[in-house]
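Asks: What follows is a single structure, and I will ask about it in a moment.
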Amino acid sequence: MTASSPRAEVVIDLEAVRHNVSLLTARASGAAVMAVVKGDAYGHGAVPVARAAVEAGATWLGTCSLAEALDLRAAGITTPLFSWLDVPEVDFAPGIEADVDLGASSVDELTRIAEAAERVGKTARVHLKIDTGLSRNGCPPAEWPALVEAAAAAPSVEVVAVWSHLACADEPGHASVDLQAKRFTEAYDLARAAGLNPIRHLANSAALLTRPDLHFELVRPGIAVYGLNPVDTGDDLRPAMTFRSTVVLAKRLPAGESVSYGHTWTAPRDTTLALVPTGYADGVPRSLSGRMDVWLGGRRRPVAGRVCMDQLVVDCGDDAPSAGDEVVLFGAGGAGEPTAREWADKLGTIDYEIVTSMYRPRVRRRYLGDRS
Ligand SMILES: *Cc1c(COP(=O)(O)O)cnc(C)c1O
């Protein structure tokens, strides 16, 4: 198999990641940038993306799980690293030894971190999370005074930050954003009053792009690092992921013949079909059957009939595709090809889910612009 004829391939443009991180750094009002690389970097590959983000100015990396953070450390990445959500059974000790900052949302969690720190004989760096209204993770305001006091009193713990997460930042002007910001500042003031001197971080991509007043000392963009803009601000973000395949067979089909399982599509005229060896096992949702296009031979063309597990069929009319021609399932959109956002809109979801779902054993991942 050559680079030009993949069965199914996800191409990640690390130059686009660098461009996006530089843009976000410039938009961050002097705040440090934590590139969020959870979920295997939203399906883009955590280690190469983390390296590219750091090359472009990110001075922090963020993961959800400690295991994700330790994978980055194992790859030799020494950048400050924050991990924020694990099960109660997790052993924090390897994280503390590997200089991973840890999130704490309760006195119980803080206590487990402090115990692990004592065991390894090293201070744990902790970011205390206040629930300002997302009502997911985070310490409820009623329990916050106890948490900051416990943290201030714990000798094996250094409180690095107070942080929270916004529910509706992607709906600029939503009243909850200001309410969450107010509660955030109240929690920060209480932490200061307890003798702590933490930094603050609150902003995801949407808040980074729309709420400079909420940048504080550190911002946590995720989706924008990958070039997808949750608030359509018109910033020059560049989608980093392209999903592509190759024509394996082209043939004429007479009018009146039907295509693929269930015969849901019948040729209205004589036409040429292109067979593409990519299906729902490779990440093409079957529910896009009958309502998706691909980019083939310099233009969009509709997929005819059902998307199958391993293949789909493209209606090329009287054009003559050849075996080996490139097929773009989705890409940056600049040429007119479908985008992850277009898939998301059709499927009733967000582009986050589309790109994050693109890690599949049968799909090759290839990187452009890798400097390592
Ligand atoms: C995922 C996540 C982010 C990044 O959010 P985006 O909308 O992708 O920018 C930031 N902070 C936390 C806590 C997250 O879970």
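Asks: Taking residue 321, is it outside any loop (DSSP other than H, G, I, E, B), under 19 Å from residue 244 (Cβ atoms) and not hydrophobic (A, V, I, L, M, F, W, C)?
Replies: Considered against the rule, which asks whether it is outside any loop (DSSP other than H, G, I, E, B), under 19 Å from residue 244 (Cβ atoms) and not hydrophobic (A, V, I, L, M, F, W, C), residue 321 comes out as no.
Asks: Right, next: For the range 42-90, give me each residue that is within 11 Å of the ligand (Cβ to nearest atom) and farther than 17 Å from residue 165 by Cα.
Replies: The answer is 42, and nothing else.
Asks: Name the one entry in 268, 221, 230 that is modelled with pLDDT of 95 or more, assigned to a loop (DSSP other than H, G, I, E, B) and away from the ligand (no atom under 13 Å from the Cβ).
Replies: Result of the check over 268, 221, 230: 268.
Asks: Filter the range 150-209 down to the residues that are away from the ligand (no atom under 16 Å from the Cβ) and hydroxyl-bearing (Ser, Thr, Tyr) and list them by number.
Replies: Correct list: 156, 185, 188.
Asks: Being touching a helix residue (DSSP H, G or I) at 6+ places or on another chain (Cβ under 6 Å), within 16 Å of the ligand (Cβ to nearest atom) and in a loop (DSSP other than H, G, I, E, B) is the filter here; which residues of the range 332-371 pass it?
Replies: 350, 358
Asks: The conditions are (1) within 16 Å of the ligand (Cβ to nearest atom); (2) among the aliphatic types (A, V, I, L, M); (3) without any contact (Cβ under 8 Å) to a residue 24 or more places away in the chain, and residue 102 fails exactly one of them. Which is it?
Replies: It fails just one condition, (3).
Asks: Hey, another quick one. Report, by residue number, each residue of the range 19-78 that is small (Gly, Ala, Ser), in a helix (DSSP H, G or I), in contact (Cβ under 8 Å) with a residue 40 or more places away in the chain and under 15 Å from residue 240 (Cα atoms).
Replies: 41, 43, 52, 53
Asks: Among 275, 329, which is the only one that is over 28 Å from residue 55 (Cα atoms), more than 16 Å from the ligand (Cβ to nearest atom) and without any contact (Cβ under 8 Å) to a residue 40 or more places away in the chain?
Replies: So the residue among 275, 329 that is over 28 Å from residue 55 (Cα atoms), more than 16 Å from the ligand (Cβ to nearest atom) and without any contact (Cβ under 8 Å) to a residue 40 or more places away in the chain is 275.
Asks: Within the range 352-372, restricting attention to residues that are surrounded by fewer than 19 Cβ atoms within 10 Å (Cβ to Cβ) and without any contact (Cβ under 8 Å) to a residue 60 or more places away in the chain, which residue is nearest to the chain's Cα centre (by Cα)?
Replies: 353
Asks: Pairs needed: first member in the range 284-307, within 13 Å of residue 331 (Cα to Cα) and of a type in the set (Val, Ile, Thr); second member anywhere, assigned to a strand (DSSP E or B) and open to solvent by 30 Å² or more (accessible area, probe 1.4 Å); C-beta distance under 9 Å; at least 6 residues apart or different chains.
Replies: Correct list of pairs: 294/300; 294/302.
Asks: Evaluate the range 243-261: report whether one residue or more is within 16 Å of the ligand (Cβ to nearest atom), touching a Gly at 6+ places or on another chain (Cβ under 8 Å) and within 21 Å of residue 354 (Cβ to Cβ).
Replies: no
Asks: Quick one: would you say residue 109 is outside any strand (DSSP E or B), modelled with pLDDT of 95 or more and surrounded by fewer than 17 Cβ atoms within 10 Å (Cβ to Cβ)?
Replies: Answer is no for this residue.
Asks: Surrounded by fewer than 23 Cβ atoms within 10 Å (Cβ to Cβ) and outside the structural domain of residue 120 (by TED's automatic domain parsing): is that true of residue 178 in this structure?
Replies: Criteria not met by residue 178.
Asks: Shifting gears a bit: Output the number of the condition that residue 252 fails; it satisfies all remaining conditions of (1) open to solvent by 50 Å² or more (accessible area, probe 1.4 Å); (2) in contact with a strand residue (DSSP E or B) (Cβ under 8 Å, 6 or more places away or on another chain); (3) touching a residue at least 60 places away in the same chain (Cβ under 8 Å).
Replies: Residue 252 satisfies every listed condition except (3).
Asks: Could you count how many residues in the range 184-227 are over 30 Å from residue 15 (Cβ atoms) and either out of contact with any strand residue (DSSP E or B) (no Cβ under 7 Å at 6 or more places or on another chain) or outside the structural domain of residue 80 (by TED's automatic domain parsing) (or both)?
Replies: Residues that pass the stated criteria total 10.
Asks: Are any of the residues in the range 237-249 assigned to a loop (DSSP other than H, G, I, E, B), surrounded by fewer than 17 Cβ atoms within 10 Å (Cβ to Cβ) and of a type outside the set (Phe, Trp, Tyr)?
Replies: Scanning the range 237-249 turns up no residue that is assigned to a loop (DSSP other than H, G, I, E, B), surrounded by fewer than 17 Cβ atoms within 10 Å (Cβ to Cβ) and of a type outside the set (Phe, Trp, Tyr).
The values are calculated or read from the model by the stated rules, or taken from the named source; none is laboratory data. The structure displayed is predicted, hence computed values, not measured ones. When we count neighbours, we look across all protein chains shown, and the Cβ atoms used for this are built from the backbone with ideal geometry, even at glycine. For accessibility, only protein heavy atoms count, side chains too; no ligands or nucleic acids. Shrake-Rupley method; radii C 1.70, N 1.55, O 1.52, S 1.80 Å.
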